[in-house]
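Structure first, commentary second.
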Protein chains: 2
Amino acid sequence: MARQLYELVGARDLRFSPFCWRARLALAHKGLEAERIPCRFTDKDRIAFSGQEKVPVLVDGDEIVSDSWAIACYLEDAYPDRPALFGGANARGIARFVNTWADTRLAPALVRLVMPSVVANHLDPADHDYFVSTREQRLGKTVAELRAERPEHLQAALAELMPLRQLLTQQEWVNGETPGYADYSTVAMLQWQRLVEGDELLADERRIREWRDALVEQVP
Amino acid sequence: MARQLYELVGARDLRFSPFCWRARLALAHKGLEAERIPCRFTDKDRIAFSGQEKVPVLVDGDEIVSDSWAIACYLEDAYPDRPALFGGANARGIARFVNTWADTRLAPALVRLVMPSVVANHLDPADHDYFVSTREQRLGKTVAELRAERPEHLQAALAELMPLRQLLTQQEWVNGETPGYADYSTVAMLQWQRLVEGDELLADERRIREWRDALVEQVP
């Protein structure tokens, strides 16, 4: 196959990276298949050809694209006759706000819930030391501290979801009447959280769960 | 004139309501004029004809529209030949996310900074008791407590601005290459904060200040 997606893999082949989920959701929306090539955190040499160190990396014929936002824009521009991920230049601009909100507000709230479970259950042994040391430094907290503070991190994450919660009482999708990349960039974060540590966070959030499940179901 | 905008007014005719600023920005974007009719918090009888108790209320010929989001949608649909506030159905859907984010995350962070100044400097005397009692109840804090906690509320507000700060390093406007309602629904909150209590919050945020000032300048 001429198209490959390099994506993060944990123990037992679990593919939990939210940024890789964004790329998978975007490919599925466009109806495009790709061979999924697993990379561990410490397998950076496998994607050295991309000129940088992070997954996802999409190889599409001669094109090499890294960064989930760049992949979405590449797919939209390279396959204009497939279903639109954005729906015009203004929609793309505003969708980038949603993408940035998910990166800068939602992801930091969720990582405080997710990290203890990743460390306990989902790391390839080769990745353990690298992951723990980089994440503890980034968050300024040990895994044990995060676990002890879980109740307050659950409340904080639910508070970050306020705009999504309220919006979904008013319209079907973040993107309007049909799902689009503004949905995918957000739901990818909640899919990551669910795969790693389950449904406690959204136990009382039926509308958000149904929205999430309908979106994720589109991915083969 | 056949078009009127009922808007909130404080002491010395200051028009600080962010929701009324949204309507003014939307009217200016469409190149539409409106007679601006001032209402105090306790002048609810002046807008009783609208069937509800909140400004802004737009009267456009026979049409009566309240709620800033509804006003934006009304203007977009009633004046399709004027410059677009959204730019398509998907852009409208996603802009509502930004609008909801501004309502549910940005405004609650800013109100903690703004309220002590509104009470001290900007209320019509007739509104004072109504305003203080409703706001203290809503926030669960006294005005004196909010003033004492100002340093932490400044930090919290700056943290809420993360998505906007990062996005504006990547593109000119929230709406993409031209400003639109996704910009207006956000900047209205920062214009409210500035009018009431000045530029301390954005002292080190030159890019956000320039974005704000360019948008607000469009309003006659």
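The values are calculated or read from the model by the stated rules, or taken from the named source; none is laboratory data. Because the structure is a prediction, the values reported are computed rather than measured. Methodologically, a virtual Cβ is constructed for each residue, glycine included, from the backbone with ideal geometry; neighbour enumeration extends over all protein chains shown.
Could you grab me the full set of residues in segment A:76-124 that are in contact (Cβ under 8 Å) with a residue 24 or more places away in the chain, surrounded by fewer than 24 Cβ atoms within 10 Å (Cβ to Cβ) and among the small types (Gly, Ala, Ser)?
Result: A:Ala84, A:Ala107, A:Ala109, A:Ser117.
Select from segment B:140-163 the residues that are under 24 Å from A:Ala156 (Cβ atoms), more than 14 Å from chain A (Cβ to nearest Cβ) and either touching a Phe, Trp or Tyr at 6+ places or on another chain (Cβ under 6 Å) or not acidic (Asp, Glu) (or both) and list them in ascending order.
Residues of segment B:140-163 that are under 24 Å from A:Ala156 (Cβ atoms), as a first pass: B:140-141, B:145-146, B:148-163.
With more than 14 Å from chain A (Cβ to nearest Cβ) added as a condition, the list becomes B:140-141, B:145-146, B:148-155.
Those that are under 24 Å from A:Ala156 (Cβ atoms), more than 14 Å from chain A (Cβ to nearest Cβ) and either touching a Phe, Trp or Tyr at 6+ places or on another chain (Cβ under 6 Å) or not acidic (Asp, Glu) (or both): B:Gly140, B:Lys141, B:Leu146, B:Ala148, B:Arg150, B:Pro151, B:His153, B:Leu154, B:Gln155.
Restricting segment A:31-50 to residues that are part of a loop (DSSP other than H, G, I, E, B) and at pLDDT 95 or above, which is farthest from A:Asp124 (Cα to Cα)?
First pass over segment A:31-50, keeping only residues part of a loop (DSSP other than H, G, I, E, B): A:31-34, A:40-43.
In the following step, the residues that additionally are at pLDDT 95 or above were identified as A:31-34.
Values: A:Gly31: 31, A:Leu32: 29, A:Glu33: 27, A:Ala34: 24 Å.
This residue is A:Gly31.
Find the residue count for segment A:57-74, including only residues that are aliphatic (A, V, I, L, M) and either in the same structural domain as A:Asp103 (by TED's automatic domain parsing) or farther than 15 Å from A:Ala34 by Cβ (or both).
Step one: of segment A:57-74, the residues aliphatic (A, V, I, L, M) are A:57-59, A:64-65, A:70-72.
Going one step further and asking which of them are either in the same structural domain as A:Asp103 (by TED's automatic domain parsing) or farther than 15 Å from A:Ala34 by Cβ (or both), we end up with A:70.
Matching residues across segment A:57-74 total 1.
With crowded, with 19+ Cβ neighbours inside 10 Å, at pLDDT 95 or above and assigned by TED's automatic domain parsing to the domain that holds B:Pro116 as the only criterion, which of B:Leu158, B:Leu167, B:Leu154 stands out? Quick ask: steps written out before the conclusion?
Details: B:Leu158 fails: crowded, with 19+ Cβ neighbours inside 10 Å; B:Leu154 fails: crowded, with 19+ Cβ neighbours inside 10 Å.
That would be B:Leu167, the only listed residue that is crowded, with 19+ Cβ neighbours inside 10 Å, at pLDDT 95 or above and assigned by TED's automatic domain parsing to the domain that holds B:Pro116.
Could you list all residues from segment B:173-188 that are more than 7 Å from every other protein chain (Cβ to nearest Cβ), of a type outside the set (Val, Ile, Thr) and either in contact with a Leu (Cβ under 6 Å, 6 or more places away or on another chain) or part of a loop (DSSP other than H, G, I, E, B) (or both)?
Passing the criteria: B:Pro179, B:Tyr181, B:Asp183, B:Tyr184.
Give B:Gln170, B:Gln166, B:Gln137 a once-over and let me know the one that is within 14 Å of chain A (Cβ to nearest Cβ), free of Cβ contacts under 8 Å to residues at least 60 places away in the same chain and assigned to a helix (DSSP H, G or I).
Values: B:Gln170 fails: assigned to a helix (DSSP H, G or I); B:Gln137 fails: within 14 Å of chain A (Cβ to nearest Cβ).
After ruling out the rest, the residue left standing is B:Gln166.
If I ask for residues that are closer than 18 Å to B:Ser117 by Cα, surrounded by 21 or more Cβ atoms within 10 Å (Cβ to Cβ) and either free of Cβ contacts under 8 Å to residues at least 24 places away in the same chain or under 15 Å from the mean Cα position of the chain (by Cα) (or both), which ones from segment B:197-220 would you list? First the steps, then the outcome.
From segment B:197-220, those closer than 18 Å to B:Ser117 by Cα are B:197-203; that's our starting set.
Narrowing the set further to residues that are surrounded by 21 or more Cβ atoms within 10 Å (Cβ to Cβ) leaves B:197, B:201.
B:Glu197, the sole residue that qualifies.
Among B:Val59, B:Val119, which is the only one that is touching a His at 6+ places or on another chain (Cβ under 8 Å), over 30 Å from A:Leu161 (Cβ atoms) and of a type outside the set (Asp, Glu)? Spell out how you get there, then give the answer.
Values: B:Val59 fails: touching a His at 6+ places or on another chain (Cβ under 8 Å).
Sole residue among the options that is touching a His at 6+ places or on another chain (Cβ under 8 Å), over 30 Å from A:Leu161 (Cβ atoms) and of a type outside the set (Asp, Glu): B:Val119.
Given the residues B:Ala144, B:Ala120, which is the only one that is over 22 Å from the mean Cα position of the chain (by Cα) and hydrophobic (A, V, I, L, M, F, W, C)? Write out each step before concluding.
Details: B:Ala120 fails: over 22 Å from the mean Cα position of the chain (by Cα).
It is B:Ala144.
Given (1) out of contact with any strand residue (DSSP E or B) (no Cβ under 7 Å at 6 or more places or on another chain); (2) in the same structural domain as B:Trp192 (by TED's automatic domain parsing), identify the lone condition not met by B:Gly93.
Single failed check for B:Gly93: (1).
Only one of (1) within 14 Å of chain B (Cβ to nearest Cβ); (2) crowded, with 20+ Cβ neighbours inside 10 Å; (3) not polar (S, T, N, Q) fails for A:Arg22. Which number is that?
Against the list (1) within 14 Å of chain B (Cβ to nearest Cβ); (2) crowded, with 20+ Cβ neighbours inside 10 Å; (3) not polar (S, T, N, Q), A:Arg22 comes up short only on (1).
Is it the case that segment B:62-70 has a residue that's among the β-branched types (Val, Ile, Thr), more than 21 Å from B:Glu177 (Cα to Cα) and in contact (Cβ under 8 Å) with a residue 24 or more places away in the chain? Steps first, answer last, please.
As a first pass, look at segment B:62-70 and keep what is among the β-branched types (Val, Ile, Thr): B:64-65.
From the residues that got through so far, the ones that are more than 21 Å from B:Glu177 (Cα to Cα) too are B:64-65.
So of that shortlist, the ones also in contact (Cβ under 8 Å) with a residue 24 or more places away in the chain come out as none.
Looking through segment B:62-70, none of the residues is among the β-branched types (Val, Ile, Thr), more than 21 Å from B:Glu177 (Cα to Cα) and in contact (Cβ under 8 Å) with a residue 24 or more places away in the chain.
Here is a list: B:Trp101, B:Trp192. Which entry is assigned to a helix (DSSP H, G or I) and within 14 Å of chain A (Cβ to nearest Cβ)?
On the way: B:Trp192 fails: within 14 Å of chain A (Cβ to nearest Cβ).
On inspection, the qualifying residue turns out to be B:Trp101.
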